[in-house]
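Undergrad: One structure, pasted below without further comment.
The values are calculated or read from the model by the stated rules, or taken from the named source; none is laboratory data. This structure is a prediction, so every number in the text was calculated from the model and none was measured. Positions of Cβ are backbone-derived with ideal geometry, glycine not excepted, and every protein chain shown enters the neighbour counts.
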Amino acid sequence: MKRGNTALKRGLGMASVFALAIAGAVVAAPAASATAALGDAARAIPTADAAWVDATGALRTSADVGAAYSATHATSQAKVLTGTNQTANGIQIVVPQATVAGDVTVTLPAAVATFNGVPAINTTPLVQVTGTNSLDYLAGPGATGTHSTALPVVDASKVLTQSSGASLSVAPSNVLTIHLDAAPASSATGAGYVVTLTGVRVNVLSTTQGAPIVATIAGPGGLAGTTTVGYAGTLALTAAAGSVDAGATAPQAAPNLTLSETVVNGFATGAKVLNVADDGGVPATVFAAVPTATVSGSTTLTAAITGFAGATGTVTLGGTADNTAIESVALSGLKVNAIPADATKVTVSLASTGGTADNGAVKGFSFVPNYAGLSVDVPVTRPENRYAGSNRNATAAQIADAFVTQNGKVGSVILANGLDVKVGADALSANFLAGAKTAPVLLTNSSSTLPAETTASLKKILAGPAVTIYVMGKTDSVSQAARDAAVVAAYSVTGVTSVTVKEIAGPNRYATSAAAATEGSASIAPYALQTGKPFYKTAFLASGLVNADALAAGAASANLGIPVLLTSGKTLDTSVSTAINNLGIQQLIILGQTDRVSTAVETAAKDAGVLTTLRIAGANRYETAADIYSFVAGSPASAPGLGKTLDGKAYLASGGAGWPDALTVGPLAGTTADVGAVLTTSAATLAPAAASFLTANKSTVKTVWTVGGTDRVSSAVLAAAQDALK
């Protein structure tokens, strides 16, 4: 409804003003004949006002000259109203130019509802013009044609407003009168006005559930019409306090439900069918246990339970209803299961409780809003999607477990130093290798022992007969003792007959990144960043001194076959320039601003054989991370992008002290069929860039997981990320 109201109140020269009457309006050209088709001169305010609609269903405006159009309207629902002072749908009335001064009445059926107070009034101009083939752009049912000219601008001085001659009164209580002191002003460009009533409130008197509350409009010059502003409610469906967990597969207890009368004589005996669905309207959530029904307020009414083993359950009322008291039926012991992990609520609705609707076919300006029906929402608690162990080694082991669940047991694993003193220097290129070898990353250090969590994980995730352990860096990163312990752990796995340790290392971190690219060279992929541009073998180039950008690119590197090469930011190491030349890399995606990778380095890369470069650089590390995955998902048609599909799951990692988590989640996010985005954030506040990315991609990304404990990414940050997807 808000969109329709907003359109009414915009500037008079805007095309959006005209859209209010375009949605199947019945004012026919020429204006003198307008009174011949005023039986549809009123409607409930739709959820959104539609203008012309092209063959694809996209909305068009008066600026879209040449677009085909058809008369249509957006959908709308009328609420079920129970009791007094209920907010009903607003009303829009077409007042054509030929209408004379006088009173327009809006009448409710006295036995069903009465007005409660006086609503607000607003008037705006409508326009009609005759196009090709004498088609009126504001034509009635079924009108189609070609939008060959733009709509003219209405003369703003000829607008009828409340202050200049329209007033409202209620007398009797079911009749609302709109008094027009003068007819709409004559104008060569104007065709009359749309009168909008908002804040319509009613008292519901009907004892028939779902009875439509129909407003009948009558006025001078043959003005007439009807519209439904709501449906009467005699029953209430409520849920006790409580919630259910999303993603749970085992049956779980649901809050008690109560079906009750709101007026005496509201119950009718017979079957009452309850439907259950998640917030996407999908009946995936199912009843998993037959509840117990308890009748209150009557000694003669009975309730029998059937079903409740699928998406529906039935409560059959029998016996005799007590028409002197308010009765209710409480359902306890209810269970549900199969709630989607991304659900935010479970809706239980009552079917077959009256009400009619005709919201599909165009009926001129008027249409009947859908009967919303009776329903209650049960909140869904979304347990934290978090990989977090007691320390960074344990977190890596948890992620490795998930990696095996996703890919199966592995014959390769990558060992990397997880100490802060190294800040991942030798492991920043490990994700590319992880994608090439389908291997998770586990953490160790330069001490004489292998962490217990890593030892246990190796025994759990490895499968033989041949196992390869890739070690990132020399023994100052991963000690010989840690390597030996990893070999012993691997040999302890049943079925493993050989273990190979392969060191991926150079004299410095830059050479190590070149070694990783060389080891996985068969997986380096070519890309064209724009339609019509050449395909070149591609690599990322990132700072090896500040780890944030290289870590953020890890999942994309693993999934897309784009190695991460490192630079000091000021110079390009000889080992990296040699690798660029030897591996045939001709395209670089540079990560970060020039303080991370200077233009001098970019020039040196071109001297090494790079033909084209593209820089992805946000204002901070969080923006750069989000920009990487926006680029991955972006269309290459007109702007640089890879046009890849994002995975339904995104990951949040610390952009600071939690760098080991960002490192180890890269293979998990990068070995899915589509690309799992790894977004970085601060611990206490969701990075705005991450929030914007999630909102922009919520049609694809459905869930968010975080890595590391709440000291790395707080529960509030995860909740904010989940909210960004709603």
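Undergrad: Suppose the filter is out of contact with any helix residue (DSSP H, G or I) (no Cβ under 7 Å at 6 or more places or on another chain) and in the same structural domain as Leu274 (by TED's automatic domain parsing); does Asp377 pass it? Reasoning before the result, please.
TA: Working: out of contact with any helix residue (DSSP H, G or I) (no Cβ under 7 Å at 6 or more places or on another chain): yes; in the same structural domain as Leu274 (by TED's automatic domain parsing): yes.
Yes: the conditions hold for Asp377.
Undergrad: Another question, if that's okay. Quick test for you: out of Ala215, Ala253, Ala224, pick the one residue that is at pLDDT 90 or above, of a type in the set (Gly, Ala, Ser) and surrounded by fewer than 20 Cβ atoms within 10 Å (Cβ to Cβ).
TA: Criteria check complete, one pass: Ala253.
Undergrad: Got a sec? Which of Leu614, Leu588, Leu642 is surrounded by fewer than 19 Cβ atoms within 10 Å (Cβ to Cβ) and in the same structural domain as Tyr527 (by TED's automatic domain parsing)?
TA: Only one candidate qualifies: Leu614.
Undergrad: Could you list all residues from region 308-332 that are within 38 Å of the chain's Cα centre (by Cα) and either free of Cβ contacts under 8 Å to residues at least 24 places away in the same chain or assigned to a loop (DSSP other than H, G, I, E, B) (or both)?
TA: Listed by number, the residues that qualify are Phe308, Ala309, Gly310, Ala311.
Undergrad: Same structure, new question: Give region 650-667 a look and list any residue that's part of a strand (DSSP E or B), modelled with pLDDT of 95 or more and not hydrophobic (A, V, I, L, M, F, W, C), or say none.
TA: Scanning region 650-667 gives a single hit, Tyr651.
Undergrad: Further question: Take the residues of region 402-423 that are in a strand (DSSP E or B) and of a type in the set (A, V, I, L, M, F, W, C): which is nearest to Ala466 (Cα to Cα)? Before you say what the answer is, go through the steps one by one.
TA: Let us first name the residues in region 402-423 that are in a strand (DSSP E or B), namely 410, 412-417.
Narrowing the set further to residues that are of a type in the set (A, V, I, L, M, F, W, C) leaves 410, 413-416.
On the way: Val410: 10, Val413: 12, Ile414: 15, Leu415: 17, Ala416: 21 Å.
Applying the filter and picking the extreme gives Val410.
Undergrad: Please verify whether Ala689 is of a type in the set (Gly, Ala, Ser) and at pLDDT below 95, treating the condition exactly as stated. Show your work before the answer.
TA: On the way: of a type in the set (Gly, Ala, Ser): yes; at pLDDT below 95: no.
Judged against the criteria, Ala689 is not a match.
Undergrad: Let me ask another. So in region 523-542, with the set limited to residues that are small (Gly, Ala, Ser) and at pLDDT 95 or above, which one is surrounded by the fewest Cβ atoms within 10 Å (Cβ to Cβ)?
TA: Ala525
Undergrad: If Ala552 passes every condition in (1) surrounded by fewer than 17 Cβ atoms within 10 Å (Cβ to Cβ); (2) under 32 Å from the mean Cα position of the chain (by Cα) but one, which one does it miss?
TA: Against the list (1) surrounded by fewer than 17 Cβ atoms within 10 Å (Cβ to Cβ); (2) under 32 Å from the mean Cα position of the chain (by Cα), Ala552 comes up short only on (1).
Undergrad: From Lys474, Lys437, Lys409, which residue is at pLDDT below 95 and over 21 Å from Ser654 (Cα atoms)?
TA: Going through Lys474, Lys437, Lys409 in turn, just one is at pLDDT below 95 and over 21 Å from Ser654 (Cα atoms): Lys474.
Undergrad: Those residues that are within 15 Å of Ala548 (Cα to Cα) and of a type in the set (Ser, Thr, Tyr), I need them from region 585-644; list them, please. Explain how you work it out, then say what you get.
TA: To start, the set of residues in region 585-644 that are within 15 Å of Ala548 (Cα to Cα) comprises 590-597, 616-629.
Thr594, Tyr622, Thr624, Tyr629 - these are the residues of region 585-644 that are within 15 Å of Ala548 (Cα to Cα) and of a type in the set (Ser, Thr, Tyr).
Undergrad: OK, next. Out of the residues in region 444-468 that are surrounded by 21 or more Cβ atoms within 10 Å (Cβ to Cβ) and over 20 Å from Asp661 (Cα atoms), state the one that is nearest to the chain's Cα centre (by Cα).
TA: Leu462
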